[in-house]
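The values are calculated or read from the model by the stated rules, or taken from the named source; none is laboratory data. Quantities reported herein were computed from a predicted structural model and do not represent experimental measurements. We place every Cβ from the backbone using ideal geometry, glycine too, and count neighbours over all the protein chains shown.
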Amino acid sequence: MAVAELELPAAVDDGPTAAERFIAGILPENPTFRQLLGMCPTLAVTAAMKPALTMVAATAFVLISANVMVSLIRHLLKPHLRILVFTLTIATFVTIADRLLAAYLYPMSVALGPYVPLIIVNCIIIARCEVCGSKQGPFTAFADAAGNSLGFLIGLGSVATVREILGMGTWFGLPVLPAVVPRWVIMVMPPGAFIALALLLALVNWYQARPKRRAEV
Amino acid sequence: MSWPSRRARTFPHGVHPPEEKQFARDVPIEVVPTPAAVAIPLLQHLGAPCQAVVASRATVALGDVVGRAEAPVSAPVHASIAGVVQRESVATLPNGRHVTTVPIKAAGEQLEGQALYDAHFGGDWPLAGLDEIAPAEIVAAAGEAGLVGMGGAAFPTHVKLAPGPRRPVDTVLVNGCECEPYLTADERLMREAALPVLVGAKLVARAVGAKRIVVGIEANKPEAIAEMRRVAPELGIEVGVVATKYPQGAEKQLVYALLQRIVPGGKLPLDVGVVVSNVATAAALARAVLRGAPLTHRVMTVAGHGVREPKNLLVPIGLRLSEAIEAAGGLTDDAARVIAGGPMMGFSVAYLDAPVTKGTSGLTVLAARDLDAEPERACVRCGRCVDVCPMGLLPTRIALAARYGEWELAGSYHARLCVECGCCAFACPSRLPLVQLIRVAKARLAKMTA
Amino acid sequence: MTAEPVRIAPAPALHVAPGPHLTVSDFTARRMMADVLLALLPVAGVAVWIFRWYAVLQIAVCVAAALLAEALFSRLRRRRAPLDDLSAAVTGAILGLSLPWSAPWYVGAIGAFAAIGLGKAAFGGLGQNIFNPAMVGRAFVMVAFAASLAGGAYVRAEAALPILTQATPLSLAKGTAGAVALPGLWPLFLGNVNGSLGETSALACLVGGLYLCWRRSAAWQIPVWTLAGAAAAAVVANLLDPATPLTVLHHLFAGALFFCAFFIATDPVTSPLSPRGRAVFGFGVGVLVVLIRTLSSYPEGVVFAILLMNSVTPLINRGTVPKPFGGAVELPGGAK
Amino acid sequence: MTGETMALVGLGSGVMLLLAVVGGAVLGWADRRFFVPVDPRVERINRALPGANCGNCGFVGCGEYAEAVAAGGTALTLCAPGGPAVVGALAAIMGVEAEQTWPYRVIVHCTATTGMRLRRHPYQGEPTCTAANLVTDVQGCIYGCLGLGDCERACTYDAIHVVDGVAVVDYTKCTGCGDCVDACPRGIISRVPFKTDRILAVGCANQDFGNDVKAVCTIGCIGCKACAKLAPSLVMKGNLPVIDYDKYEPGFDFLPAIDKCPAESLVWVGTPSPKDLEALADVEMPVRAEATFDTTVDQTEWRG
Amino acid sequence: MELFANLLLIAVGAALINNFVLSYFVGICPFLGVSRKLDTALGMGLAVTFVITVAGFLSWTLTEFVLRPGAPLANAVWHAVGGPGDADLSVLAYIAYIFVIAASVQFVEMYVKKFFPPLYKSFGVFLPLITTNCAILFACLLIMKEVVGGNWGLAESLTLPIFGGLGFTLAIVLMAGIRVELDLADVPRPLRGAPIALLTAGILALAFLGFTGMGANLKQALTPAAADAPAAVASVEVDR
């Protein structure tokens, strides 16, 4: 997953355009479903929509800031130090995000607990810095980060939707299932996270394989 | 001297397939009339093929050398009828070997009927003077007569009897178990020709320098045990009764049952000081040494619901399988599967023009009703195969690894120790072709190390 | 992967096949499953006797849902539904018998779908699942519908049958330390107590289980070592905490231990292959059951113990490959 | 900004600086102390390889192949998925002059469809070629294709299929990786250089005498040697003609040989994509998989 | 005795009850990525355990002496420059931790590469990944929280990472055993790879739920007097 990207050379070519990067991040290279990156938050904070979206927002802030920042300083980077620089850049922005959350959305900050600082080690961000930020200009880096943030939103949003509706009968805290429908408490617990993500991934894989199968028949 | 304990002895695990010996156990050995032609395969043994030494249209007599062994591990083949040599052809033997054969068209005077039977088993068998024969002489006679193990392994006997400067052999086991269902050829041999069998055993012991000779017979052959016990004391040979259980006749299992010696994995009985010889091989050795006669005929059983008159036949090597079946009355209408050998380890054949070889101990013909109609299902890991495996392996794991191409995994489960006895597939409730899959794994592993 | 059976044509159209050409006639995978169903009869009988229509309904729902799920998931994979191998029916029956009488119908149905779908079909179907399907289903609904399946759910003041107004023995033991009178050992053994449908009568489980072992449809090592493991752990628990109301025999006869030992742990697919592995597996199940009963907040530990040991089974299998005949043996001086 | 904040920032910076200095010093020391020399080319070769770790090169993975290439003495052309482009890249890294060569493709040496095979018998058992090959009399010809599709399952590129009982290569998809060559238990698939879009192949593997071939196949090669007399790159090996593809001349007129063949054993196969023919900047392909016609059913010991 | 009971609780809590992978979802990347073979999984688990312990020790040191409000070293400098009250550098925590982790991982990588080449060859590529292994940062954060709160000393701060790492090792080894088994299974195509691994993890998580409540009961059993004190095991109230 991230390994392959980390091993890539700091190539000189220009790579895809900003628009291509943006589009690719949303679906074709969706960080959650296609690249299986950032699994920790996808499992940990998706019991309900609200924390999930807060998480996405914090991640998006860090991702965009870090990607643009790395892009700006890309000519100064020494290859063997780049990962360290990325990490420290990310850690700085995460600290900012964490303090902002604590200041303005205190209940959310408490609810997300250590998962906000864990954004530092979210593979998506390092992967984007490595693949795009360290090689392309700030505008492309911004588009790339934005696209991937949207992709992350889709990933977390879909998992959280399934879990919150099945587990609590609500969506964003608003009741959507009638009270007679039994609530599946398991969905808001750890096993439910694994199972929901597994089945969603299987669904995506199945959908991907479908047209090919048709063509064969 | 008789076997110290009269209690039947055996080995761990194994299965009890239906014995089905009733078809031909009480039918005396019958001599097949000389066929119009035979095809002598140039490779009937484990090892290198022979070189044909007779030209097309040459005339040969019974017992003339047709193919000469040129490699160390090989055995010559001889004409089994008198006649005229035809152009070489190929044949696929039941075990899958594709070999060149030398066809011989019958011509001239033939040794037939009772005369042929007497030449094999009748007449006098001198008991005195056996100890004066030089071991080298016995080995040479076995080599010239083209003797191979007739229980099915078909390993050249002269190689087995001259093991070289390895550990000393103290015991010769004569294998009269015949644990395969349906087959009764060895049983008939022991009942009708106990003397040549025991004389042959004596010669084997003389050749390898063993002091002790034990005949192992399964408990379900009381007449054979009685007959052997009648003759054996004269020659100082013990007769041991072993439990009726499959695969009692497998070398390592027999060695364990009779002597409580464990043959280490990947080693031979020789490594624990034992030579195992089949009763038919012993009889053929006696004939080769004392009468100078090559291996041209053998006794085989043709039995099962699929043949009209199940019989034990004395047939010339190279006889077509279809003619052997005709001699047993032909196939019934519901015959479904012809098996060269017994039903557990034999190979199914469908093209009946293939020739009989020195190792063909019988033909089992199963009717449709003998075959299992249960479909193959998923392995439920019940462990039956583990419970029955006489080698103590995990057949289902090896087979599954083979099915998914995980060869190293199969190897790590000791796939190469499998003796392909078929116990696992016999016992499998899901009807998986375990033996076949293990054989695939073994072949692949052999290829990988080669 | 299954070979399409070739139709046996009349002679002389001979056909070929790999050896051996004989197979044991009275033992098939289907027969094994049928044996389990047969062995469950006394257990189900006791359940119906104690819980009446509740038991009938619960078992029927679970079996029907399991069969339906099997058919559905086979269809999704475009394969023939192997309903005739009876494995789905066994899963449904065991699931049903492990549920409380009071569980709503949808609990059984969802449990059966989780069992067959998540526990079996997702791993490739019969013979390839890692976890016991029935226990996956049971654990799924146990966590999903905690309110319907917790200890308290077994008790209904308004129930028509008097026995259903009593708490289950293990809930009693969990709830108040030592103060309550647990049911005597005889009622526990015979089954005259509240509890999940199949677990109440140790006697019925023993009868059915012995039949299974006698038929060799279940490996005898597993129940023996499960009970041994539970007994050993219970002895230790009693030594550490002499005040506990649960004696060793209570641990054995109360709850689902007997049902687990004979019917759940013995599932051949998810238990180790070799006799030695089975012993380790059984012992582990027994110890974990008692450990979870005494220390966790759940009154009963069978479900978790089975799932935990299932996850260890591949490692057990790896560690207990039997020694081949003559494999690594050094001969002591050649002959003995 | 108050002085207090300034002081705090200063303290924080100081701490970070101290950490950085300590960490840097330790790592710098470790870097020298624990230095392991690595050929820089290994890294570059690793990047040039596709990273699929398919194992076709015979090494455990791309990494090991990269090391072997960098160490020298290993052919640069072993990477089948990478194709000519990778060979070129490796050659550039290793500073080797690229030579002219041809794309490799596989040929199946059997063309008999189900109806042409004689003495076939219904088979009950594991439905794979490798397993069926252990059973006698599945079909009369013990050399020919068994048609149970081991090659089809082995192919990563969906380029070989069993059509009417015989394996047929789809040359628009074949990359010549040779997985099918290894998968075939009868060894009737070989891997040869395609010097033109279509090349001549011997579509039979039966090495028996003419009469024995006729008994098992309606189109098998009877070993008449007619073709060998008419085309120099066709040589007889026993009873079977074999094409020496090193001496194969694309322009040679094979028509007389084909016309003369009394069976139907000389066939035209192939159409490699033009892309491959263009991108020929690679050295000679040393791995040339020859069909072995290995029919031995039972390599294992026989026992009683 | 009480320290021992506390340590036992932390150990059981970190390894089983709130398993890092199955309950907190940290370290999922290596859990999914390096669990294909048993020996690599074991190696990875032990590598993580080692690194996490080193990082835990370093983070305790940093927190205790530099980062926590009123830490002695920071305070000394602070008062020397005449700052009022206590110095609070906890805002630096994340940056400091990640720096420490990155440096120690790189050190371990170089060390292993030099002295254990076979080990490096088998999972060398995953060593850099440990840097981005959330389990390690997560352990540091938990330790920080408790140390800042004044609850934990060095013993507790080492017990948590050691047993958290062992819990991770347990989970990844179980997973590897199962996945090796699944290589011989006909798993439906869309589920192959990550989905079936996640599903297996889900069922494992389900099984580990059996340990729920064990901490409180254990504490009650060990220290009857402190029965009503809050559990010492750090808990994160996200998914409860």
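Out of contact with any Gly (no Cβ under 9 Å at 6 or more places or on another chain) and either at pLDDT 85 or above or closer than 26 Å to E:VAL34 by Cβ (or both) - does that describe any residue in the range A:26-34?
Among the residues of the range A:26-34, not one is out of contact with any Gly (no Cβ under 9 Å at 6 or more places or on another chain) and either at pLDDT 85 or above or closer than 26 Å to E:VAL34 by Cβ (or both), which makes the answer no.
Could you list, in sequence order, all residues of the range A:97-137 that are farther than 25 Å from A:ALA47 by Cα and of a type in the set (A, V, I, L, M, F, W, C)?
A:ILE126, A:ALA127, A:CYS129, A:VAL131, A:CYS132
Does any residue of the range C:305-327 turn out to be under 17 Å from C:GLY137 (Cα atoms), more than 13 Å from the chain's Cα centre (by Cα) and either modelled with pLDDT of 95 or more or not β-branched (Val, Ile, Thr) (or both)?
yes
Across the range C:28-66, which residue is farthest from C:SER87 (Cα to Cα) among those that are among the basic types (Lys, Arg) and within 14 Å of another protein chain (Cβ to nearest Cβ)?
My answer is C:ARG31.
Anything in the range B:398-417 that is crowded, with 24+ Cβ neighbours inside 10 Å and more than 7 Å from every other protein chain (Cβ to nearest Cβ)? List them, or say none.
B:ILE398, B:ALA399, B:ALA402, B:ALA410, B:ALA415
Given (1) at the interface with chain C (Cβ under 7 Å from one of its Cβ atoms); (2) touching a Cys at 6+ places or on another chain (Cβ under 9 Å), where does B:LEU366 come up short, assuming only one miss?
Failed condition: (2).
How many of the residues making up the range B:424-450 are within 8 Å of chain C (Cβ to nearest Cβ) and either under 26 Å from the mean Cα position of the chain (by Cα) or not polar (S, T, N, Q) (or both)?
10
Given D:CYS151, D:CYS145, D:CYS129, D:CYS184, which one is closer than 23 Å to C:VAL16 by Cα, touching a Pro at 6+ places or on another chain (Cβ under 9 Å), outside the structural domain of D:LEU78 (by TED's automatic domain parsing) and free of Cβ contacts under 8 Å to residues at least 60 places away in the same chain?
Testing whether each residue is closer than 23 Å to C:VAL16 by Cα, touching a Pro at 6+ places or on another chain (Cβ under 9 Å), outside the structural domain of D:LEU78 (by TED's automatic domain parsing) and free of Cβ contacts under 8 Å to residues at least 60 places away in the same chain leaves just D:CYS129.
Sort out which residues of the range B:411-447 are of a type outside the set (Lys, Arg), at pLDDT 90 or above and part of a helix (DSSP H, G or I), and write them in order of number.
Selection gives B:CYS423, B:CYS424, B:ALA425, B:PHE426, B:ALA427, B:LEU434, B:VAL435, B:GLN436, B:LEU437, B:ILE438, B:VAL440, B:ALA441.
Note down all Cβ pairs under 6 Å where the first residue falls in the range B:75-94 and is assigned to a strand (DSSP E or B), the second is polar (S, T, N, Q) and surrounded by fewer than 23 Cβ atoms within 10 Å (Cβ to Cβ), and they're at least six residues apart or on different chains.
B:VAL84/B:THR59; B:VAL85/B:SER56; B:VAL90/B:THR100
Could you tell me how many of the residues in the range B:11-56 are part of a loop (DSSP other than H, G, I, E, B) and touching a residue at least 60 places away in the same chain (Cβ under 8 Å)?
The qualifying residues number 23.
Restricting attention to the range E:203-221, which residues are under 17 Å from A:GLY192 (Cα atoms) and more than 8 Å from chain C (Cβ to nearest Cβ)?
E:ALA205
Which one of the conditions (1) more than 10 Å from chain C (Cβ to nearest Cβ); (2) under 15 Å from E:LEU22 (Cα atoms) does E:VAL173 fail to meet, given that it meets all the rest?
For E:VAL173, the failing item is (1).
Out of the range E:54-87, which residues are closer than 21 Å to E:GLY164 by Cα and surrounded by fewer than 21 Cβ atoms within 10 Å (Cβ to Cβ)?
E:VAL54, E:PHE57, E:LEU58, E:THR61, E:GLU64
Given the structure, is D:LYS173 basic (Lys, Arg), surrounded by fewer than 16 Cβ atoms within 10 Å (Cβ to Cβ) and in a loop (DSSP other than H, G, I, E, B)?
Against the criterion (basic (Lys, Arg), surrounded by fewer than 16 Cβ atoms within 10 Å (Cβ to Cβ) and in a loop (DSSP other than H, G, I, E, B)), D:LYS173 qualifies.
For C:VAL63, indicate whether it is surrounded by fewer than 24 Cβ atoms within 10 Å (Cβ to Cβ) and at pLDDT 95 or above.
Against the criterion (surrounded by fewer than 24 Cβ atoms within 10 Å (Cβ to Cβ) and at pLDDT 95 or above), C:VAL63 qualifies.
How many residues are more than 7 Å from chain C (Cβ to nearest Cβ) and either of a type in the set (Ser, Thr, Tyr) or over 30 Å from B:LYS105 (Cβ atoms) (or both) when one looks only at the range B:347-363?
Residues that pass the stated criteria total 4.
Out of (1) surrounded by 15 or more Cβ atoms within 10 Å (Cβ to Cβ); (2) over 16 Å from C:ALA134 (Cβ atoms); (3) modelled with pLDDT of 90 or more, what's the single condition that is false for C:ILE50?
(3)
Return the only residue of B:ARG212, B:ARG188 being of a type in the set (D, E, K, R), surrounded by 20 or more Cβ atoms within 10 Å (Cβ to Cβ) and touching a residue at least 40 places away in the same chain (Cβ under 8 Å).
That would be B:ARG188, the only listed residue that is of a type in the set (D, E, K, R), surrounded by 20 or more Cβ atoms within 10 Å (Cβ to Cβ) and touching a residue at least 40 places away in the same chain (Cβ under 8 Å).
Could you please give the count of residues in the range B:305-346 that are more than 17 Å from B:LYS358 (Cα to Cα), of a type in the set (Gly, Ala, Ser) and within 14 Å of chain C (Cβ to nearest Cβ)?
Counting residues in the range B:305-346 that are more than 17 Å from B:LYS358 (Cα to Cα), of a type in the set (Gly, Ala, Ser) and within 14 Å of chain C (Cβ to nearest Cβ) gives 5.
Looking only at the range E:23-34, decide whether some residue is among the β-branched types (Val, Ile, Thr), more than 14 Å from chain A (Cβ to nearest Cβ), touching a Leu at 6+ places or on another chain (Cβ under 7 Å) and in contact (Cβ under 8 Å) with a residue 40 or more places away in the chain.
Within the range E:23-34 (the criterion being among the β-branched types (Val, Ile, Thr), more than 14 Å from chain A (Cβ to nearest Cβ), touching a Leu at 6+ places or on another chain (Cβ under 7 Å) and in contact (Cβ under 8 Å) with a residue 40 or more places away in the chain), the answer is no, since none of the residues qualifies.
Mind counting the residues in the range B:248-274 that are of a type in the set (S, T, N, Q) and either in contact with a Lys or Arg (Cβ under 7 Å, 6 or more places away or on another chain) or in a loop (DSSP other than H, G, I, E, B) (or both)?
Summing the residues that are of a type in the set (S, T, N, Q) and either in contact with a Lys or Arg (Cβ under 7 Å, 6 or more places away or on another chain) or in a loop (DSSP other than H, G, I, E, B) (or both) in the range B:248-274 gives 2.
It is to be established whether one or more residues within the range C:320-327 are among the small types (Gly, Ala, Ser), within 26 Å of C:SER87 (Cβ to Cβ) and in contact with a helix residue (DSSP H, G or I) (Cβ under 7 Å, 6 or more places away or on another chain).
no
Out of all the residues in the range B:57-74, which are touching a residue at least 40 places away in the same chain (Cβ under 8 Å) and part of a loop (DSSP other than H, G, I, E, B)?
Once the filter is applied, which keeps residues that are touching a residue at least 40 places away in the same chain (Cβ under 8 Å) and part of a loop (DSSP other than H, G, I, E, B), the range B:57-74 yields B:ALA61, B:LEU62, B:GLY63, B:ALA69, B:PRO72, B:VAL73, B:SER74.
Is it the case that some residue within the range B:372-379 is crowded, with 24+ Cβ neighbours inside 10 Å, of a type outside the set (Asp, Glu) and either facing chain C (nearest Cβ under 9 Å) or farther than 25 Å from C:ARG278 by Cα (or both)?
Yes; the residues of the range B:372-379 include at least one that is crowded, with 24+ Cβ neighbours inside 10 Å, of a type outside the set (Asp, Glu) and either facing chain C (nearest Cβ under 9 Å) or farther than 25 Å from C:ARG278 by Cα (or both).
Please specify each residue of the range A:1-25 satisfying the condition of being surrounded by 15 or more Cβ atoms within 10 Å (Cβ to Cβ) and at pLDDT 80 or above.
Within the range A:1-25, A:ALA18, A:GLU20, A:ARG21, A:PHE22, A:ILE23, A:ALA24, A:GLY25 qualify.
In the range B:273-296, how many residues are surrounded by fewer than 24 Cβ atoms within 10 Å (Cβ to Cβ) and within 12 Å of chain C (Cβ to nearest Cβ)?
1
Given the criterion closer than 26 Å to C:SER201 by Cα and not in a loop (DSSP other than H, G, I, E, B), identify the matching residue among C:ILE292, C:ILE316.
Of C:ILE292, C:ILE316, the one residue that is closer than 26 Å to C:SER201 by Cα and not in a loop (DSSP other than H, G, I, E, B) is C:ILE292.
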